[in-house]
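Data block below; observations after.
Read-outs throughout are calculated quantities, based only on the coordinates presented, and are distinct from any laboratory measurement. Quick caveat: nothing in here was measured; it's all calculated off a predicted structure. So basically every Cβ, Gly included, is an ideal-geometry build from the backbone, and we count neighbours across all protein chains shown.
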């Protein structure tokens, strides 16, 4: 038994020697981690690029009101033979011919199609902006979840170390009592089992910390391993706004704004689809010139010029029901957008009730578990003293130790749940709730 006790008592030293201590991970503040992830995450890059693309579409829509311009210039050389009165004779014309031209086209009236396309493009920019905001806060939520997982793993490691220290002291006490004949060998064996369980809890917590650090590093996009800053360990956060204020923020959240913009775009597209029922009026202007030369003198000499100004009206009477199909498609898209907006608002309300309720409940659980941990620690202290005096059996002491371990684990989980619920509310409303 003395050999077993020695091995078990040496366990804290061995674990400390292999303790990862963060594996040299660089501490990073939560705000910095969120900022780096929002800059580096593929989803954030995609959302920003979608916003750039939508802005380019708006510029293109405005440009439709400007005449299109094109210039042309060419030069060609002719030679060889040609038929003259049934006989092949050498080509006697100027071997070089040149041409140049300028053309402009402008649609004067299109039934409002360009205007409605512009409105749809601007609405798509609003939708892309809301989507980019939603992506930023979704990424922030992912980072916070992983960051808080690091904090929870670190708290679990600290609790496991405290559990190991208590189990080691308990083993010392029971071993001494066995040697003094005041306890049975079963007491020391049970104490050794408690030490082994504590060691396993510590190893598990350390591995969870390494895994959480790796996940945080990937989200942040850092070249080196990062971990949560110790300064953030005790921070749980609060929500000072009431339910009515949070509901108003949720109904103006990114997902609702995106759905509203999509509806505006759908309605504008529907109106644009009806413009082919109206005639279109276009204008064009061209200026051109041609000349020939015996030598390659591009642009030299006088060039006779011709110009042309043209107006045209086009009104399709029947285009094989293509207009009707486009109107039907855009009408269906509008109905779908209306349903999506209604569901987005209801989903925001539902999620707010769920996340806010989870946060309030977790807050109460934290307060209760703090009291439970304090009571369990005092109970364990009393039971340890009673056992040392022989007034209680080891089973009572082990029961108190188990109760304390469970209270600590429940406190860590309650803190983690509160942090996550607050982050979910922030992602829902699309803003930080300090």
Using Cα atoms only, what is the angle between the long axis of helix 113-180 and the major principal axis of the chain, expressed in degrees (0 to 90) to the nearest 10? 20 degrees
Can you give the relative contact order of the chain as a percent, counting alpha carbon pairs under 8 Å and 6+ residues apart? 24 percent
Nearest 10 degrees, 0 to 90: what angle lies between the long axis of helix 30-40 and the longest principal axis of the chain (Cα atoms)? 30 degrees
For the range 137-194, compute the orientation-averaged projected area of the C-alpha convex hull (one quarter of its surface), in nm². 4.2 nm²
In nm, what is the difference between 0.36 nm times the number of residues separating residue 189 and residue 60 and their Cα-Cα distance? 38.4 nm
Given 314-326, 174-186, the highest-first ranking by average Cβ count within 10 Å works out to 174-186, 314-326
What length, rounded to one decimal in nm, is gained on full extension from residue 283 through to residue 361, with 0.36 nm per residue of separation minus their alpha-carbon distance? 21.1 nm
Starting from one equal scatterer on each C-alpha and no solvent at all, send me the Debye-based log10 I(q)/I(0) for the chain at q = 0.12 Å⁻¹, two decimals. -1.07
If I model a spin label at residue 325 and residue 29 as a point 7 Å from the Cα along the Cα→Cβ vector, what separation in nanometres do I get? 5.9 nm
So the FRET efficiency between residue 200 and residue 336, C-beta based with R0 = 51 Å and rounded to 0.05, is 0.40
Over the range 70-144, calculate the relative contact order: mean separation of alpha carbon pairs under 8 Å at least 6 apart, over the residue count, as a percent. 27 percent
Rank-order 238-244, 349-355 by packing density, defined as the average count of other C-beta atoms within 10 Å over each peptide's residues, highest first. 349-355, 238-244
If neighbour count is taken as other Cβ atoms inside 10 Å, put 191, 284 in order from fewest to most. 284, 191
For the range 196-316: relative contact order, % (alpha-carbon pairs under 8 angstrom, 6 or more apart): 18 percent
Distance between the range 379-434 and the range 279-349 - C-alpha centres, whole angstrom: 70 Å
Rounded to 10°, Cα long-axis angle of helix 254-274 versus longest principal axis of the chain: 20 degrees
With -39,500 (n - 2.57) per DSSP H segment of 4 or more residues and division by the full residue count of the chain, the 222 nm estimate, nearest 500 deg cm²/dmol, is -23500 deg cm²/dmol
Of all the Cα-Cα pairs you can form in the range 24-160, what percent are over 20 Å apart? 72 percent
Out of all DSSP beta bridges with both ends in the chain, state the antiparallel percent to the nearest 5. 90 percent
Between residue 179 and residue 225, with labels modelled 7 Å along Cα→Cβ, what's the label distance in nm to one decimal, could you check? 3.9 nm
Mind running the shape call on the range 258-381? Use the C-alpha gyration tensor, a ≥ b ≥ c as the square roots of the eigenvalues: rounded below 1.5 for a/c, prolate if a/b tops b/c, oblate otherwise. oblate
